[in-house]
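> Have a look at this one before I ask anything.
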Amino acid sequence: MRVYENEKQLVKVVCNACGKELLVENGILKEECIHVNHDFGFFGAKDGESEKFDLCEACYEKLTAGFRIPVERRERKEML
Ligand SMILES: [Zn+2]
């Protein structure tokens, strides 16, 4: 979950799974974080609803380790 000041400045990011507070400095998130913001559509039970959450890297690894089919992984050649 994310907390913004004046609806703009990021002040706090907390992992929804474990409750760990991630490092935010001057409005910039300085730790790896997986942010999910999903708009449910017509074919789902939550049509018209939006949900969002954040996961720290450790919780993301725990979640994906339980996948029957592993996540697809590739190395990026260019990083900005
Ligand atoms: Zn976590």
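The values are calculated or read from the model by the stated rules, or taken from the named source; none is laboratory data. Owing to the predicted nature of the structure, the values given are computational and were not obtained by experimental measurement. Please note: Cβ atoms are built from the backbone with ideal geometry, for glycine as well, and neighbour counts cover all protein chains shown. Just so you know, the surface numbers come from the protein's heavy atoms only, side chains and all, with ligands and any DNA or RNA stripped out. Shrake-Rupley method; radii C 1.70, N 1.55, O 1.52, S 1.80 Å.
> All but one of (1) open to solvent by 90 Å² or more (accessible area, probe 1.4 Å); (2) part of a strand (DSSP E or B) hold for Val3, so report the exception by its number.
(1)
> Identify all residues within region 29-41 that are open to solvent by 70 Å² or more (accessible area, probe 1.4 Å) and assigned to a loop (DSSP other than H, G, I, E, B); write none if there are none.
Lys30, Glu32
> Going by the structure shown, is Val71 touching a helix residue (DSSP H, G or I) at 6+ places or on another chain (Cβ under 7 Å), within 23 Å of Asn16 (Cα to Cα) and at pLDDT 95 or above? Give the steps one after another, and end with the answer.
Working: touching a helix residue (DSSP H, G or I) at 6+ places or on another chain (Cβ under 7 Å): yes; within 23 Å of Asn16 (Cα to Cα): yes; at pLDDT 95 or above: yes.
Yes.
> Six or more apart or on different chains, Cβ atoms under 6 Å: show the pairs whose first residue is in region 49-66 and assigned to a helix (DSSP H, G or I) and whose second is more than 8 Å from the ligand (Cβ to nearest atom).
Glu57/Glu32; Tyr60/Ile34; Thr64/Val71
> Checking Gly44 against (1) surrounded by 11 or more Cβ atoms within 10 Å (Cβ to Cβ); (2) at pLDDT 95 or above; (3) away from the ligand (no atom under 16 Å from the Cβ), which test does it fail?
Single failed check for Gly44: (2).
> Being open to solvent by 70 Å² or more (accessible area, probe 1.4 Å), at pLDDT 95 or above and either in contact with a Lys or Arg (Cβ under 6 Å, 6 or more places away or on another chain) or within 16 Å of the ligand (Cβ to nearest atom) (or both) is true for just one of Ala65, Ala58. Which residue is that?
Exactly one of Ala65, Ala58 is open to solvent by 70 Å² or more (accessible area, probe 1.4 Å), at pLDDT 95 or above and either in contact with a Lys or Arg (Cβ under 6 Å, 6 or more places away or on another chain) or within 16 Å of the ligand (Cβ to nearest atom) (or both), namely Ala65.
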